[in-house]
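S.K.: Submitted below is the structure of interest, expressed as C-alpha coordinates.
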Amino acid sequence: MKIFLDTIGCRLNQAEIETLARQFRAAGHEIVASAAEADLAVVNTCTVTSEAAADSRSKIRQAARLGVDRIVATGCWATLEPEQAAGLPGVVRIVPNLEKDTLTADLLGLPSEFFDLEPLARQPLPGLRSRTRAFVKVQDGCDNACTFCITTIARGDSRSRPLDGILRDVQSALDGGAQEIVLTGVHLGAWGRDFSSPRRLADLMSDLLARTRIPRLRLSSLEPWDLGAGFFQLWQEPRLCRHLHLPLQSGSETVLRRMARKTTPVSFAALIEAARELIPDVAITTDVIVGFPGETEAEFQETLDFVRRMEFAGGHVFTYSARPGTPAARMKNHIRGDVARQRSARLREVFAESAAAYRTRFIGQTLTVLWESTGQLSDSGWQMEGLTDNYLRVAASAPEPRWNRLEAVRLIGLSEDSLRGEIVSL
Ligand code: SF4
(Lines give C-alpha, C1' and ligand atoms only; values in the text may rest on other atoms or scores of the structure.)
Protein backbone atom coordinates (compact mmCIF):
# COMPACT_ATOMS: atom_id res chain seq x y z
CA MET A 1 0.00 0.00 0.00
CA LYS A 2 1.00 3.62 -0.49
CA ILE A 3 0.60 5.47 2.78
CA PHE A 4 0.51 9.20 3.47
CA LEU A 5 1.35 10.33 7.01
CA ASP A 6 0.64 13.78 8.37
CA THR A 7 0.96 15.38 11.80
CA ILE A 8 0.42 18.61 13.65
CA GLY A 9 1.40 19.80 17.09
CA CYS A 10 4.11 18.72 19.49
CA ARG A 11 7.42 16.89 19.15
CA LEU A 12 5.69 13.81 20.56
CA ASN A 13 3.30 13.76 17.61
CA GLN A 14 6.33 14.13 15.32
CA ALA A 15 8.15 11.26 17.01
CA GLU A 16 5.02 9.08 16.72
CA ILE A 17 4.59 9.77 12.99
CA GLU A 18 8.24 8.82 12.42
CA THR A 19 7.65 5.57 14.29
CA LEU A 20 4.54 4.84 12.18
CA ALA A 21 6.62 5.44 9.02
CA ARG A 22 9.27 2.96 10.15
CA GLN A 23 6.63 0.37 11.04
CA PHE A 24 4.71 0.62 7.76
CA ARG A 25 7.99 0.35 5.83
CA ALA A 26 9.11 -2.61 7.93
CA ALA A 27 5.80 -4.28 6.96
CA GLY A 28 6.61 -3.71 3.28
CA HIS A 29 4.52 -0.62 2.55
CA GLU A 30 5.60 2.63 0.89
CA ILE A 31 5.39 6.06 2.51
CA VAL A 32 4.44 8.70 -0.09
CA ALA A 33 4.90 12.47 -0.01
CA SER A 34 1.36 13.43 -1.00
CA ALA A 35 -2.15 12.24 -0.22
CA ALA A 36 -2.83 12.37 -3.96
CA GLU A 37 -0.67 9.24 -4.43
CA ALA A 38 -1.90 7.39 -1.34
CA ASP A 39 -4.21 4.41 -0.74
CA LEU A 40 -4.40 5.22 2.95
CA ALA A 41 -3.66 8.29 5.07
CA VAL A 42 -2.99 8.62 8.81
CA VAL A 43 -3.36 12.07 10.37
CA ASN A 44 -1.96 12.61 13.90
CA THR A 45 -4.16 15.41 15.26
CA CYS A 46 -3.72 18.03 18.02
CA THR A 47 -6.12 20.03 20.19
CA VAL A 48 -3.83 22.01 22.50
CA THR A 49 -5.52 25.19 21.21
CA SER A 50 -8.68 25.80 19.19
CA GLU A 51 -6.45 26.77 16.23
CA ALA A 52 -4.63 23.43 16.40
CA ALA A 53 -7.95 21.59 16.43
CA ALA A 54 -9.10 23.56 13.36
CA ASP A 55 -5.80 22.82 11.55
CA SER A 56 -6.24 19.12 12.33
CA ARG A 57 -9.68 19.12 10.69
CA SER A 58 -8.39 20.95 7.63
CA LYS A 59 -5.51 18.47 7.20
CA ILE A 60 -8.04 15.61 7.13
CA ARG A 61 -10.29 17.46 4.65
CA GLN A 62 -7.27 18.24 2.49
CA ALA A 63 -6.26 14.57 2.33
CA ALA A 64 -9.83 13.67 1.31
CA ARG A 65 -9.90 16.40 -1.33
CA LEU A 66 -6.67 14.97 -2.77
CA GLY A 67 -8.43 11.67 -3.31
CA VAL A 68 -7.71 9.43 -0.31
CA ASP A 69 -10.87 7.56 0.66
CA ARG A 70 -9.36 5.69 3.62
CA ILE A 71 -8.23 8.10 6.34
CA VAL A 72 -7.29 7.11 9.87
CA ALA A 73 -7.59 9.94 12.39
CA THR A 74 -5.53 9.61 15.57
CA GLY A 75 -4.01 11.96 18.14
CA CYS A 76 -5.50 14.29 20.75
CA TRP A 77 -8.28 15.99 18.76
CA ALA A 78 -9.57 12.71 17.29
CA THR A 79 -9.36 11.10 20.76
CA LEU A 80 -11.56 13.80 22.34
CA GLU A 81 -13.92 14.40 19.39
CA PRO A 82 -14.35 10.93 17.82
CA GLU A 83 -17.86 11.64 16.43
CA GLN A 84 -16.78 14.87 14.78
CA ALA A 85 -13.69 13.12 13.38
CA ALA A 86 -15.74 10.18 12.09
CA GLY A 87 -18.01 12.68 10.33
CA LEU A 88 -15.21 14.14 8.24
CA PRO A 89 -14.87 13.03 4.59
CA GLY A 90 -12.80 9.89 4.02
CA VAL A 91 -12.39 9.01 7.71
CA VAL A 92 -12.82 5.25 8.11
CA ARG A 93 -11.21 4.76 11.51
CA ILE A 94 -10.54 6.66 14.74
CA VAL A 95 -7.54 5.44 16.77
CA PRO A 96 -7.51 7.03 20.25
CA ASN A 97 -4.14 7.90 21.82
CA LEU A 98 -4.24 4.88 24.14
CA GLU A 99 -4.32 2.56 21.10
CA LYS A 100 -1.80 4.49 19.00
CA ASP A 101 1.15 2.22 19.88
CA THR A 102 -0.53 -0.69 18.07
CA LEU A 103 -2.10 1.38 15.26
CA THR A 104 0.04 -0.08 12.46
CA ALA A 105 -0.19 -3.69 13.67
CA ASP A 106 -4.00 -3.40 14.10
CA LEU A 107 -4.47 -1.76 10.70
CA LEU A 108 -2.38 -4.43 8.96
CA GLY A 109 -3.75 -7.34 11.01
CA LEU A 110 -0.33 -8.14 12.48
CA PRO A 111 0.43 -9.30 16.02
CA SER A 112 1.03 -6.24 18.24
CA GLU A 113 4.58 -7.34 19.09
CA PHE A 114 5.46 -7.59 15.35
CA PHE A 115 7.53 -4.38 15.47
CA ASP A 116 9.11 -4.97 18.87
CA LEU A 117 11.82 -7.33 17.76
CA GLU A 118 14.29 -5.54 15.52
CA PRO A 119 15.49 -1.90 15.40
CA LEU A 120 13.43 -0.44 12.55
CA ALA A 121 15.61 1.39 10.00
CA ARG A 122 15.10 5.12 10.16
CA GLN A 123 14.60 6.62 6.70
CA PRO A 124 13.48 10.20 6.12
CA LEU A 125 9.79 10.88 5.54
CA PRO A 126 9.21 11.60 1.83
CA GLY A 127 10.09 15.17 0.87
CA LEU A 128 12.16 15.46 4.03
CA ARG A 129 15.85 14.78 4.45
CA SER A 130 16.90 12.27 7.04
CA ARG A 131 16.77 14.27 10.20
CA THR A 132 19.95 15.54 11.76
CA ARG A 133 18.12 15.10 15.03
CA ALA A 134 15.69 12.35 15.95
CA PHE A 135 12.76 12.75 18.34
CA VAL A 136 12.48 9.64 20.50
CA LYS A 137 9.31 9.12 22.52
CA VAL A 138 10.11 7.82 26.01
CA GLN A 139 6.92 8.61 27.90
CA ASP A 140 3.23 9.38 27.32
CA GLY A 141 0.31 10.77 29.32
CA CYS A 142 0.38 12.88 32.48
CA ASP A 143 -0.78 12.52 36.09
CA ASN A 144 -0.87 16.28 36.71
CA ALA A 145 -4.02 18.34 36.30
CA CYS A 146 -3.08 21.84 35.20
CA THR A 147 -6.47 23.51 34.84
CA PHE A 148 -5.91 24.84 31.30
CA CYS A 149 -4.50 21.60 29.91
CA ILE A 150 -6.36 19.37 27.48
CA THR A 151 -3.32 17.14 26.83
CA THR A 152 -3.56 15.43 30.19
CA ILE A 153 -7.19 14.58 29.32
CA ALA A 154 -6.44 13.45 25.75
CA ARG A 155 -3.36 11.39 26.52
CA GLY A 156 -4.41 9.64 29.75
CA ASP A 157 -2.29 8.59 32.72
CA SER A 158 1.49 8.79 32.66
CA ARG A 159 3.18 5.69 31.26
CA SER A 160 6.86 5.12 30.51
CA ARG A 161 8.38 3.17 27.64
CA PRO A 162 10.81 0.46 28.75
CA LEU A 163 14.52 1.14 28.36
CA ASP A 164 15.01 -1.63 25.75
CA GLY A 165 12.52 -0.12 23.32
CA ILE A 166 14.04 3.34 23.78
CA LEU A 167 17.56 1.97 23.23
CA ARG A 168 16.38 0.29 20.01
CA ASP A 169 14.90 3.54 18.71
CA VAL A 170 18.00 5.51 19.63
CA GLN A 171 20.25 2.95 17.95
CA SER A 172 18.17 2.94 14.76
CA ALA A 173 18.29 6.73 14.71
CA LEU A 174 22.07 6.70 15.07
CA ASP A 175 22.32 3.98 12.39
CA GLY A 176 20.18 6.25 10.22
CA GLY A 177 22.73 9.07 10.61
CA ALA A 178 21.13 11.23 13.32
CA GLN A 179 23.70 13.34 15.20
CA GLU A 180 21.32 14.43 17.94
CA ILE A 181 18.66 12.61 19.93
CA VAL A 182 15.79 14.57 21.50
CA LEU A 183 13.99 12.73 24.30
CA THR A 184 10.32 13.61 24.23
CA GLY A 185 7.13 12.85 26.16
CA VAL A 186 4.03 14.55 27.53
CA HIS A 187 5.53 14.66 31.04
CA LEU A 188 9.12 13.70 30.37
CA GLY A 189 10.22 14.20 33.98
CA ALA A 190 7.87 11.42 35.11
CA TRP A 191 9.73 8.75 33.13
CA GLY A 192 10.26 5.58 35.16
CA ARG A 193 7.97 6.45 38.08
CA ASP A 194 5.37 3.89 36.99
CA PHE A 195 7.81 0.95 36.84
CA SER A 196 7.50 -1.76 39.53
CA SER A 197 11.04 -0.68 40.51
CA PRO A 198 10.73 3.07 39.94
CA ARG A 199 13.47 4.84 38.05
CA ARG A 200 14.14 8.50 37.21
CA LEU A 201 14.73 10.44 33.99
CA ALA A 202 18.31 10.98 35.18
CA ASP A 203 18.78 7.18 35.17
CA LEU A 204 17.53 6.95 31.60
CA MET A 205 19.85 9.72 30.46
CA SER A 206 22.84 8.05 32.16
CA ASP A 207 21.97 4.68 30.60
CA LEU A 208 21.62 6.14 27.09
CA LEU A 209 24.90 8.04 27.37
CA ALA A 210 26.72 4.98 28.76
CA ARG A 211 25.30 2.43 26.30
CA THR A 212 25.32 4.38 23.00
CA ARG A 213 27.54 6.71 21.01
CA ILE A 214 24.98 9.55 20.95
CA PRO A 215 26.95 12.63 19.81
CA ARG A 216 24.35 15.04 21.33
CA LEU A 217 21.48 14.31 23.71
CA ARG A 218 18.78 16.97 24.14
CA LEU A 219 15.70 17.03 26.35
CA SER A 220 12.37 18.41 25.24
CA SER A 221 10.07 20.24 27.67
CA LEU A 222 10.47 19.48 31.41
CA GLU A 223 8.08 20.46 34.19
CA PRO A 224 10.02 22.48 36.77
CA TRP A 225 8.74 20.62 39.81
CA ASP A 226 10.30 17.34 38.63
CA LEU A 227 13.86 18.62 38.87
CA GLY A 228 16.12 18.82 41.90
CA ALA A 229 19.56 20.46 42.01
CA GLY A 230 21.19 17.02 41.75
CA PHE A 231 19.70 16.59 38.30
CA PHE A 232 22.01 19.26 36.91
CA GLN A 233 25.11 17.33 37.99
CA LEU A 234 24.52 15.17 34.91
CA TRP A 235 25.76 18.01 32.74
CA GLN A 236 29.34 17.20 33.56
CA GLU A 237 28.81 14.97 30.51
CA PRO A 238 29.66 17.18 27.47
CA ARG A 239 27.30 15.26 25.15
CA LEU A 240 24.32 16.65 27.04
CA CYS A 241 22.91 19.76 25.38
CA ARG A 242 23.02 22.82 27.64
CA HIS A 243 19.39 23.67 26.99
CA LEU A 244 16.49 23.38 29.44
CA HIS A 245 12.95 24.17 28.31
CA LEU A 246 11.04 24.75 31.56
CA PRO A 247 7.40 25.90 31.09
CA LEU A 248 6.64 28.67 33.59
CA GLN A 249 3.13 29.48 32.29
CA SER A 250 2.80 32.50 34.63
CA GLY A 251 5.07 34.64 36.83
CA SER A 252 2.21 35.40 39.21
CA GLU A 253 1.77 33.15 42.25
CA THR A 254 -2.00 33.66 42.32
CA VAL A 255 -2.37 32.78 38.63
CA LEU A 256 -0.15 29.70 39.06
CA ARG A 257 -2.43 28.59 41.89
CA ARG A 258 -5.53 28.95 39.64
CA MET A 259 -3.64 26.96 36.99
CA ALA A 260 -2.91 24.24 39.60
CA ARG A 261 0.76 24.41 38.66
CA LYS A 262 3.08 22.74 41.19
CA THR A 263 5.54 25.61 41.17
CA THR A 264 5.84 29.19 42.43
CA PRO A 265 7.90 32.14 41.14
CA VAL A 266 10.26 31.69 44.13
CA SER A 267 10.87 27.95 43.59
CA PHE A 268 11.15 28.45 39.82
CA ALA A 269 13.76 31.19 40.29
CA ALA A 270 15.72 28.97 42.71
CA LEU A 271 15.71 26.13 40.17
CA ILE A 272 17.05 28.39 37.43
CA GLU A 273 19.75 29.70 39.75
CA ALA A 274 20.82 26.10 40.55
CA ALA A 275 20.87 25.19 36.85
CA ARG A 276 22.97 28.23 35.94
CA GLU A 277 25.42 27.44 38.72
CA LEU A 278 26.00 23.86 37.55
CA ILE A 279 25.64 24.22 33.79
CA PRO A 280 27.79 27.12 32.48
CA ASP A 281 26.05 29.20 29.77
CA VAL A 282 22.94 27.00 29.89
CA ALA A 283 20.05 28.22 27.70
CA ILE A 284 16.84 28.38 29.74
CA THR A 285 13.74 28.77 27.58
CA THR A 286 10.10 28.69 28.63
CA ASP A 287 6.39 28.90 27.80
CA VAL A 288 3.98 31.49 29.22
CA ILE A 289 0.21 31.70 28.86
CA VAL A 290 -1.26 35.24 28.86
CA GLY A 291 -4.94 36.05 29.37
CA PHE A 292 -5.65 33.16 31.74
CA PRO A 293 -9.15 33.54 33.23
CA GLY A 294 -9.22 36.26 35.87
CA GLU A 295 -5.69 37.51 35.06
CA THR A 296 -5.64 41.09 36.34
CA GLU A 297 -3.33 43.80 35.00
CA ALA A 298 -1.40 43.55 38.28
CA GLU A 299 -0.96 39.78 37.90
CA PHE A 300 0.18 40.25 34.32
CA GLN A 301 2.67 42.88 35.49
CA GLU A 302 4.06 40.31 37.97
CA THR A 303 4.60 37.95 35.03
CA LEU A 304 6.26 40.65 32.93
CA ASP A 305 8.60 41.62 35.79
CA PHE A 306 9.42 38.00 36.63
CA VAL A 307 10.21 37.10 33.01
CA ARG A 308 12.42 40.19 32.69
CA ARG A 309 14.27 39.23 35.90
CA MET A 310 14.85 35.62 34.76
CA GLU A 311 16.66 36.69 31.53
CA PHE A 312 15.47 33.72 29.51
CA ALA A 313 17.34 32.69 26.36
CA GLY A 314 13.96 32.57 24.66
CA GLY A 315 10.28 31.92 25.23
CA HIS A 316 6.96 31.06 23.62
CA VAL A 317 3.93 33.19 24.48
CA PHE A 318 0.53 31.53 24.17
CA THR A 319 -2.74 33.43 24.38
CA TYR A 320 -5.04 31.42 26.62
CA SER A 321 -7.37 29.19 24.56
CA ALA A 322 -10.36 27.72 26.43
CA ARG A 323 -10.39 23.96 25.83
CA PRO A 324 -13.77 22.26 26.42
CA GLY A 325 -13.59 19.81 29.32
CA THR A 326 -10.83 21.64 31.22
CA PRO A 327 -11.51 23.26 34.63
CA ALA A 328 -10.19 26.63 33.40
CA ALA A 329 -12.79 26.73 30.62
CA ARG A 330 -15.48 26.74 33.33
CA MET A 331 -13.83 29.58 35.28
CA LYS A 332 -15.32 33.10 35.34
CA ASN A 333 -13.72 36.35 34.10
CA HIS A 334 -12.35 35.25 30.76
CA ILE A 335 -10.06 37.97 29.36
CA ARG A 336 -11.11 39.93 26.25
CA GLY A 337 -9.18 38.90 23.12
CA ASP A 338 -7.77 42.39 22.45
CA VAL A 339 -6.44 42.66 26.02
CA ALA A 340 -4.83 39.20 25.81
CA ARG A 341 -3.24 40.04 22.44
CA GLN A 342 -1.86 43.28 23.81
CA ARG A 343 -0.35 41.45 26.81
CA SER A 344 1.09 38.85 24.43
CA ALA A 345 2.82 41.59 22.40
CA ARG A 346 4.29 43.20 25.55
CA LEU A 347 5.66 39.87 26.80
CA ARG A 348 7.12 38.96 23.40
CA GLU A 349 9.13 42.19 23.50
CA VAL A 350 10.66 41.20 26.84
CA PHE A 351 11.56 37.75 25.52
CA ALA A 352 13.05 39.27 22.35
CA GLU A 353 15.28 41.55 24.46
CA SER A 354 16.57 38.80 26.76
CA ALA A 355 17.07 36.39 23.83
CA ALA A 356 19.17 39.00 21.98
CA ALA A 357 21.18 39.65 25.16
CA TYR A 358 21.78 35.90 25.55
CA ARG A 359 22.98 35.57 21.92
CA THR A 360 25.26 38.60 22.22
CA ARG A 361 27.14 36.95 25.10
CA PHE A 362 28.59 34.37 22.69
CA ILE A 363 30.05 36.71 20.07
CA GLY A 364 33.77 35.99 19.86
CA GLN A 365 33.38 32.47 21.25
CA THR A 366 33.79 29.21 19.29
CA LEU A 367 30.95 26.69 19.67
CA THR A 368 30.02 23.43 17.95
CA VAL A 369 27.15 23.71 15.47
CA LEU A 370 25.09 20.88 13.97
CA TRP A 371 24.28 21.95 10.40
CA GLU A 372 20.60 21.26 9.79
CA SER A 373 19.93 22.66 6.36
CA THR A 374 21.62 21.81 3.08
CA GLY A 375 21.86 25.54 2.55
CA GLN A 376 21.37 27.87 -0.38
CA LEU A 377 24.15 28.55 -2.87
CA SER A 378 24.96 32.30 -3.06
CA ASP A 379 27.87 34.40 -4.31
CA SER A 380 29.65 33.80 -1.02
CA GLY A 381 29.16 30.02 -1.12
CA TRP A 382 26.64 27.66 0.53
CA GLN A 383 24.64 29.38 3.26
CA MET A 384 24.43 26.89 6.11
CA GLU A 385 22.21 27.03 9.17
CA GLY A 386 22.35 25.00 12.33
CA LEU A 387 22.06 24.90 16.11
CA THR A 388 24.57 24.88 18.93
CA ASP A 389 23.96 22.62 21.94
CA ASN A 390 22.72 25.67 23.87
CA TYR A 391 20.09 26.30 21.19
CA LEU A 392 21.72 29.22 19.40
CA ARG A 393 20.79 29.38 15.73
CA VAL A 394 23.91 30.03 13.64
CA ALA A 395 24.38 30.87 9.97
CA ALA A 396 27.68 30.58 8.05
CA SER A 397 28.82 30.16 4.48
CA ALA A 398 30.89 27.27 3.17
CA PRO A 399 32.40 26.15 -0.16
CA GLU A 400 30.21 23.02 -0.15
CA PRO A 401 27.06 21.82 1.68
CA ARG A 402 27.85 20.49 5.17
CA TRP A 403 24.49 19.09 6.21
CA ASN A 404 24.45 16.95 9.34
CA ARG A 405 28.03 17.74 10.39
CA LEU A 406 29.04 18.85 13.87
CA GLU A 407 31.62 21.62 13.43
CA ALA A 408 33.47 24.24 15.45
CA VAL A 409 32.28 27.72 14.48
CA ARG A 410 33.62 31.10 15.60
CA LEU A 411 30.67 33.40 16.34
CA ILE A 412 31.33 36.83 14.86
CA GLY A 413 28.09 38.81 15.03
CA LEU A 414 24.31 39.04 15.35
CA SER A 415 21.90 38.67 12.42
CA GLU A 416 18.18 39.05 13.18
CA ASP A 417 17.27 36.11 15.46
CA SER A 418 20.50 34.21 14.91
CA LEU A 419 24.28 34.55 14.99
CA ARG A 420 26.76 34.80 12.12
CA GLY A 421 29.72 32.48 12.23
CA GLU A 422 32.89 31.33 10.50
CA ILE A 423 33.64 27.60 10.23
CA VAL A 424 36.96 27.14 12.07
CA SER A 425 38.26 24.23 9.95
CA LEU A 426 37.99 26.19 6.70
S1 SF4 B 1 2.12 18.89 33.41
FE2 SF4 B 1 0.30 20.12 33.25
S3 SF4 B 1 0.54 21.19 31.30
FE4 SF4 B 1 1.95 19.49 31.28
S5 SF4 B 1 0.82 17.84 30.24
FE6 SF4 B 1 0.56 17.61 32.46
S7 SF4 B 1 -1.34 18.65 32.96
FE8 SF4 B 1 -0.66 19.34 30.91
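S.K.: In the chain, what % of DSSP beta bridges are antiparallel (nearest 5)? Don't jump to the answer; show the numbers that get you there.
M.R.: Values: 25 of 64 bridges.
Around 40 percent of the beta bridges assigned by DSSP in the chain are antiparallel ones.
S.K.: Please compute the net charge surrounding Lys2, taking Lys and Arg as +1 and Asp and Glu as -1 over other residues with Cβ under 9 Å from its Cβ.
M.R.: Net charge around Lys2: -3.
S.K.: Using modelled amide H (1.01 Å from N, peptide plane; none on Pro or chain starts), what sits under 5 Å from the amide H of Ala134, excluding residues fewer than 5 places away?
M.R.: Under 5 Å from the amide H of Ala134 lie the amide H atoms of Glu180, Ile181, Val182, each far enough along the sequence or on another chain.
S.K.: Could you tell me what fraction of 2.2 N^0.38 Å the Cα radius of gyration of the chain comes to, as a two-decimal ratio?
M.R.: 1.00
S.K.: Within the chain, what whole-number % of the accessible surface is contributed by carbon and sulfur, with the 1.4 Å probe and all protein chains included in the calculation? Before the final figure, lay out each step's value.
M.R.: Numbers: 9280 of 18310 Å².
In the chain, the share of accessible area belonging to carbon and sulfur is 51 percent.
S.K.: Any idea how far apart Phe114 and Ala210 come out in nm if each label point goes 7 Å out from Cα toward Cβ?
M.R.: For Phe114 paired with Ala210, the spin-label model returns 3.6 nm.
S.K.: How much accessible area per residue does the chain have, in Å², with a 1.4 Å probe?
M.R.: Details: 18310 Å² over 426 residues.
About 43 Å² of surface per residue is accessible.
S.K.: Regarding region 366-423, what are the three Cα extents along the principal axes, ordered largest first, in Å?
M.R.: Its Cα atoms span 27, 22, 16 Å along the three principal axes.
S.K.: Over region 366-423, calculate the relative contact order: mean separation of alpha carbon pairs under 8 Å at least 6 apart, over the residue count, as a percent. Write out the running numbers ahead of the final one.
M.R.: Numbers: 140 pairs, mean separation 20.7, N = 58.
Reported relative contact order: 36 percent.
S.K.: Gain in length, Glu385 to Thr254, computed as 0.36 nm per residue apart minus the alpha-carbon separation, to one decimal in nm? The partial results should precede the final answer.
M.R.: Values: separation 131, 0.36 × 131 = 47.16 nm, distance 4.16 nm.
Once the chain is fully extended between Glu385 and Thr254, it gains 43.0 nm.
S.K.: If you only keep lysine pairs separated by 8 or more in sequence, or across chains, how many in the chain come under 28 Å at the Cα atoms? Present the calculation step by step, with values, prior to reporting the outcome.
M.R.: Details: Lys2/Lys59; Lys2/Lys100; Lys2/Lys137; Lys59/Lys100; Lys59/Lys137; Lys100/Lys137; Lys137/Lys262; Lys262/Lys332.
Summing the qualifying lysine pairs gives 8.
S.K.: I'd like the isolated cysteines in the chain, meaning no second cysteine's beta-carbon lies under 4.7 angstrom from theirs.
M.R.: Cys10, Cys46, Cys76, Cys142, Cys241
S.K.: Can you give me the relative contact order of the chain as a percent, contacts being Cα pairs under 8 Å and 6 or more apart? Display every interim value, and only then the final one.
M.R.: Working: 870 pairs, mean separation 43.4, N = 426.
Relative contact order comes out at 10 percent.
S.K.: Here is a further query. How many nm separate the modelled label positions at Asp203 and Gln376, each set 7 Å beyond the Cα in the direction of the Cβ?
M.R.: A separation of 4.9 nm, rounded to one decimal place.
The values are calculated or read from the model by the stated rules, or taken from the named source; none is laboratory data. Please read these numbers as outputs of a predicted model, since none were measured by experiment. Heads up, the Cβs are rebuilt from the backbone with ideal geometry, glycines too, and the neighbour counts pull from every protein chain shown. With ligands, DNA and RNA removed, areas are computed over all heavy atoms of the protein, side chains included. Shrake-Rupley method; radii C 1.70, N 1.55, O 1.52, S 1.80 Å.
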